[in-house]
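Down below is the structure, laid out as structure tokens.
Computed from the coordinates by the stated procedures, all read-outs in this text should not be read as laboratory data. All of these numbers come straight from a predicted model, not from anything done at the bench. No Cβ is skipped: glycine too gets one built from the backbone with ideal geometry, and neighbour counts run over all protein chains shown.
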Amino acid sequence: MNRWVRVPEFLFILAFAILLLVFPQVTVRTVSGGLSVCACSILPSLFPFFVLTNLWISLGYANALSRAVAPAVQTVFHLPGPAASAILLGALGGYPVGAQAAAQLYRDHLISREDAQQVLLFCNNAGPAFIFGILGGGLFQSTAAGAILWAIHLGSSILLGILFRPRKRPSAEPAPVSVSETKPFLPALTAAVTQAGETAFRVCTFVLFFSVAVGFLQFLVPDSWQASSWFTLFLGSLELAGGAKLLTAASLSPAAAFVAASGLLGWGGLCVHCQTLSTLSEAGLSAKSYLGGKLLHGLVSASAACLLLPTVPIRTACFSSASSWHPSLTFLPLLLPLIAALLKSSSGKQPKKRV
């Protein structure tokens with residue numbers, strides 16, 4: 001039985017190999033485009049944050065922050081103080097900085113495995129550089145639209161953290177002391193840059209692979225599909241940056257594109273998830289809660305975008321073709337009470353932690 005289960009995997013590898021051999025020009029073009037994205041977008045925006053994340057934790061500033069905000073983090077999210085570093089860095093650094101910070105906190109014994117899995121539900125988010133630069137200034141030609149997207153993105157993340165939080169701890173837990181607090185700056189900087197380089201290289205390799213995969217999908221599908229809204233959303237669910245840029249060519253109105261962009265931001269894309277899973281596997285953490293959280297994040301973000309559409313200034317000139325508002329998007333806000341009920345129910349089933 002197990003032998004037959006692996007047949008789809010074999011067929012996928014075989015088909016991919018045939019495409020690489022028969023259409024090498026597609027590989028060259030897509031890899032070149034992926035390298036350009038890595039050099040001009042990913043490395044400048046993420047690599048410095050990777051270095052700062054490692055330094056922030058290894059030099060003990062995560063512990064210092066945890067002592068300052070521990071009461072707030074424990075009250076709002078029912079998590080120990082050091083988790084604040086993953087939440088803050090995840091909000092500012094972009095994918096997958098939040099997950100990397102959570103994994104580093106767990107490896108340094110600043111948070112428990114259970115707390116690391118909990119914070120992964122909502123700490124891994126898109127960064128302001130991507131939201132304001134690519135979506136706000138590029139896609140919608142509006143800084144205000146970018147600001148609203150960022151507010152929806154972070155607000156939905158915080159909502160998930162609150163609704164899906166564990167039972168409240170009976171008493172405050174002191175932040176543990178990490179050996180990394182006493183590490184000298186230069187050794188810490190060397191280690192931070194080395195680890196950041198490894199992480200950035202891993203991120204770029206995933207981007208290159210998914211650039212090739214998305215390129216072959218676009219090469220193989222009929223031309224009539226290229227501007228299809230559903231095909232564009234599918235590509236965006238695979239690779240966020242490329243899919244978001246394709247929204248301008250899709251048969252979506254500006255309002256529908258705004259809702260789609262918000263949902264894709266919350267989901268993150270399969271490429272981002274592979275980068276995150278690589279980080280989590282190195283730390284020995286499970287991806288089950290993370291993937292469920294990102295799916296809910298996408299649904300909540302899209303629903304919130306529907307509700308806030310009247311406040312969004314969007315210029316229609318940036319869209320090459322704009323169809324009317326899709327009727328199915330009208331029902332997205334109705335998902336919010338259902339999602340909230342599901343999260344409340346799930347959080348209520350979690351066993352009470354004992355001290």
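A full extension of the chain between residue 39 and residue 16 corresponds to an added length of 5.7 nm, given 0.36 nm per residue minus the alpha carbon distance. Convex hull volume of the Cα atoms of region 64-217, normalised per residue: 143 Å³. For residue 234 and residue 221, the difference between the fully extended length at 0.36 nm per residue and the C-alpha to C-alpha distance is 3.4 nm. Determine, from the Cβ-Cβ distance of residue 9 and residue 281 and an R0 of 22 Å, the FRET efficiency 1/(1 + (r/R0)^6), rounded to the nearest 0.05. Rounded to the nearest 0.05, the efficiency is 0.75. Our coupling estimate for region 189-202, obtained by passing each phi through the Karplus curve with A = 6.51, B = -1.76, C = 1.60 and θ = phi - 60°, is 5, 4, 5, 5, 5, 4, 5, 5, x, 5, 5, 5, 4, 5 Hz, Gly and Pro reported as x.
In this simple spin-label approximation, residue 68 and residue 183 carry label points 7 Å from Cα along the Cα→Cβ vector, and these lie 2.1 nm apart. Packing around the peptides 247-258, 6-17, taken as the average count of other Cβ atoms within 10 Å per residue, puts them in this order, highest first: 247-258, 6-17. Working from label points 7 Å from Cα in the Cα-to-Cβ sense, the residue 202 to residue 75 distance is 3.7 nm.
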